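Since the structure comes first, as structure tokens, the remarks are kept for the end.
The values are calculated or read from the model by the stated rules, or taken from the named source; none is laboratory data. Being a predicted model, the structure only gives us computed values, none of them experimental. Methodologically, a virtual Cβ is constructed for each residue, glycine included, from the backbone with ideal geometry; neighbour enumeration extends over all protein chains shown.
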Amino acid sequence: MTGDPMDDRRCMATSKQSGERCKRLASPGAAVCAMHGSRAPQVRAKAAERIVEAEAGALLARNGHDAVTDPVSALSELAGEVVALKDILGGKVVELREWTYSDKPGREDVRAVLGAYERALDRCHRVLEGMTRLDLEDRLARISERQGEVIANVLLAAVLRAELPDSWHAPLRAALAAELRLVSDKGL
């Protein structure tokens, strides 16, 4: 990069006649100009993806983002979005069956819908399989048990530090254990 911002927007192809880099501007989102292939369907599709990703990146930079402090909830939310997207695209596939010849859907439209649905199915499978492998429910249960044990130990230590009569220790421990079980059973 020469430092000239226009160089970043220039076509990356090399001229066959001069052997030098093309002087035309590349098409938006593409690395080449129209003369060097930016009108090809696959180049246009990839350019459209780059533009959307660049817009999303700019929006993220402008708005910032929060750190993930609860990865289990974030993963569950992601799984919900992935499943919802799969369902929406599944509806689009059903709509394909309803198209008539008078609608004249292009092959590219059909391919785009089917391709997006296929990718959504694959993504949904990967996310849900990954969550299953993590065994989140069991891990959360173990974390809750450990937290309960820590709370119980803190409460018992506080009781001992309060120097209550020895006759109070056993009933107080039983009462604390019962209350912790109630809280645990309610899922709080």
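Each row is one residue, and each column tells you yes or no for (1) in contact with a Cys (Cβ under 7 Å, 6 or more places away or on another chain); (2) in the same structural domain as ALA84 (by TED's automatic domain parsing); (3) touching a residue at least 12 places away in the same chain (Cβ under 8 Å); (4) among the basic types (Lys, Arg).
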| site | (1), (2), (3), (4) |
| --- | --- |
| ALA120 | no, yes, yes, no |
| VAL127 | no, yes, yes, no |
| ALA152 | no, no, yes, no |
| LEU155 | no, no, yes, no |
| ARG161 | no, no, no, yes |
| ASP166 | no, no, no, no |
| ALA174 | no, no, no, no |
| LEU180 | no, no, yes, no |
- Got a number for residues in segment 121-151 being surrounded by 11 or more Cβ atoms within 10 Å (Cβ to Cβ), over 29 Å from GLY91 (Cβ atoms) and β-branched (Val, Ile, Thr)? 2
- Selected residue (criterion: nearest to ARG9 (Cα to Cα)) from residues of segment 19-43 that are within 30 Å of the chain's Cα centre (by Cα) and in a helix (DSSP H, G or I): VAL43
- Give the residue, chosen from GLU118, GLU55, GLU77, GLU98, that is over 30 Å from ALA13 (Cβ atoms) and loosely packed, with under 11 Cβ neighbours inside 10 Å. GLU98
- Message: Residue under question is LEU164, and the condition is that it be in a loop (DSSP other than H, G, I, E, B), over 30 Å from SER76 (Cβ atoms), touching a helix residue (DSSP H, G or I) at 6+ places or on another chain (Cβ under 9 Å) and not small (Gly, Ala, Ser); does it hold?
- Response: yes
- Taking into account only those residues within segment 15-43 that are over 30 Å from ASP109 (Cα atoms) and of a type in the set (Ser, Thr, Tyr), which is modelled with the highest pLDDT? SER18
- under 16 Å from the mean Cα position of the chain (by Cα), surrounded by 13 or more Cβ atoms within 10 Å (Cβ to Cβ) and more than 28 Å from GLY115 (Cβ to Cβ), is that true of VAL83? no
- Look through GLY37, GLY90 and report the one residue that is under 27 Å from ALA112 (Cβ atoms), of a type outside the set (A, V, I, L, M) and not assigned by TED's automatic domain parsing to the domain that holds GLY130. GLY37
- Residue satisfying all of: in segment 152-188; surrounded by fewer than 12 Cβ atoms within 10 Å (Cβ to Cβ) and of a type in the set (Lys, Arg); farthest from ALA141 (Cα to Cα) among these: ARG161
- Among the residues of segment 44-54, is any assigned to a helix (DSSP H, G or I), out of contact with any Phe, Trp or Tyr (no Cβ under 7 Å at 6 or more places or on another chain), in contact (Cβ under 8 Å) with a residue 24 or more places away in the chain and basic (Lys, Arg)? no
